[in-house]
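The values are calculated or read from the model by the stated rules, or taken from the named source; none is laboratory data. All values reported here derive from a predicted model rather than from experimental measurement. Backbone-built Cβ (ideal geometry, glycine too); neighbour counts: all protein chains shown.
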Amino acid sequence: MKTVLITGCSSGIGAATAGRLAAAGWDVWATARRPETLADLAAAGCRTLALDVTDEASMATAVTAVREGAGRIDALVNNAGYSQSGALESLDLDDVRRQFETNVFGLLRLTQLVLPAMRAQRSGRIVNIGSMGGKLTFPGGGAYHASKYAVEALSDALRFEVAGFGIQVVLIEPGLITTGFDAAVAAGMPAGEGPYAAFNARVRAATSDAYAGPMARFGGPPEAVAAVIEKALTKHRPRPRYTVTVSAPAAMAARRVLGDRGWDLAMRSQFPRPE
């Protein structure tokens, strides 16, 4: 039985992945900042732990628990993350730092903590959950997109650096996933005042429209991502990257074809330009 540690399992992609892998016979260690949110996964056969990817002691304790409880760590799924939206000038830098602590630094530090065990056993898989937002940028999403661009770079470098130890690194790039992500975006928006108030309000509305309106048909549920994560963990030679849902490759292709000026023009048709 192979052992996998998954972050951000309280809902959405993390919960779907933990449940799917447990049903497939994996020894799943499902984690979240608030372990009380993991009761359903525990009932489904997962082992649950508290893990806050912004807290060094929490991460170290969780990795030690998995190593001592399972004897090995075969896979890590770095799923924990969230979106901080709003015009860049309107953002509080402390909020941006929290965005990077969760989406980037926590991912990297947890990877550092599991690698010694993987190197010792000469095998392992690390699956990082990125986004189509690591290849393109929507107005009002600069901080979030920057964090996902960083995950792209870390994944590319890591894939080369650990391959000689028998460790494979895979990046998952989901498009629109119906997980309640839109509500989280709205909750994290700056207050509706100042020169960017109308713009931030439109970003909030556009996000809600994407998740609840006609665009939602180009997305998919968390289970769609979980299925691709399972593939990344089980294929003998997984691809370095997997996109999920029609929206991801379509948006990436549009960004490449349109170029910078064309993309900016397309964005002006959807967002009011602050002025």
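General remarks:
- Residue pairs whose Cβ atoms lie under 9 Å apart, sitting 6 or more positions apart in sequence or on different chains, and linking a residue in segment 201-216 that is part of a helix (DSSP H, G or I) and loosely packed, with under 15 Cβ neighbours inside 10 Å to a partner that is modelled with pLDDT of 75 or more and not basic (Lys, Arg), are Ala212/Thr178; Met215/Leu176; Met215/Ser247.
- Scanning segment 124-142 for residues that are under 22 Å from Gly14 (Cα atoms) and of a type outside the set (Lys, Arg) gives Gly124, Ile126, Val127, Asn128, Ile129, Gly130, Ser131, Met132, Gly133, Gly134.
- First in segment 37-60 and on the phi > 0 side of the Ramachandran plot, second anywhere and assigned to a helix (DSSP H, G or I) and buried (at least 16 other Cβ atoms within 10 Å of the Cβ), Cβ under 8 Å, 6 or more apart: Gly45/Ala22
- Of all residues making up segment 77-133, the number that are over 18 Å from the mean Cα position of the chain (by Cα), farther than 25 Å from Ala22 by Cα and in contact (Cβ under 8 Å) with a residue 40 or more places away in the chain: 7
- Breaking point among (1) out of contact with any strand residue (DSSP E or B) (no Cβ under 7 Å at 6 or more places or on another chain); (2) buried (at least 16 other Cβ atoms within 10 Å of the Cβ), for Arg97: (2)
- Any pair with Cβ under 6 angstrom, 6 or more apart, that starts in segment 134-163 at a residue that is farther than 16 Å from Asp95 by Cβ and ends at one that is in a helix (DSSP H, G or I) and among the charged types (D, E, K, R): Gly134/Lys148; Gly134/Glu152; Leu136/Arg255
- Checking each residue in segment 118-151 for being more than 19 Å from Trp263 (Cα to Cα) and either touching a His at 6+ places or on another chain (Cβ under 8 Å) or surrounded by fewer than 18 Cβ atoms within 10 Å (Cβ to Cβ) (or both) picks out Arg119, Ala120, Gln121, Arg122, Ser123.
- For the condition over 21 Å from Glu173 (Cα atoms) and at pLDDT below 95, Glu56 does not qualify.
- Of the residues making up segment 228-253, just one is at pLDDT 95 or above, loosely packed, with under 15 Cβ neighbours inside 10 Å and either hydrophobic (A, V, I, L, M, F, W, C) or farther than 30 Å from Asn78 by Cα (or both), namely Ala253.
- Thr48 vs. criteria under 24 Å from Thr207 (Cβ atoms) and surrounded by 17 or more Cβ atoms within 10 Å (Cβ to Cβ): no
- Taking first residues from segment 223-238 that are farther than 13 Å from Ile177 by Cα and touching a residue at least 12 places away in the same chain (Cβ under 8 Å) and partners that are of a type in the set (Val, Ile, Thr) and in a helix (DSSP H, G or I), the Cβ contacts under 7 Å between residues at least 6 apart in sequence or on separate chains come to Ile229/Thr17.
- Qualifying residues in segment 31-58 (those that are polar (S, T, N, Q) and assigned to a helix (DSSP H, G or I)) - the one farthest from Ser11 (Cα to Cα): Ser58
- Hits in segment 139-151 - residues which are over 14 Å from Asn79 (Cα atoms) and either among the basic types (Lys, Arg) or in contact with a helix residue (DSSP H, G or I) (Cβ under 7 Å, 6 or more places away or on another chain) (or both): Pro139, Gly140, Gly141, Gly142, Ala143, Tyr144, His145, Tyr149, Ala150
- So Ala65, is it buried (at least 17 other Cβ atoms within 10 Å of the Cβ) and either basic (Lys, Arg) or free of Cβ contacts under 8 Å to residues at least 40 places away in the same chain (or both): yes
- Any hit, segment 59-79, residues being in a loop (DSSP other than H, G, I, E, B) and among the polar types (S, T, N, Q): yes
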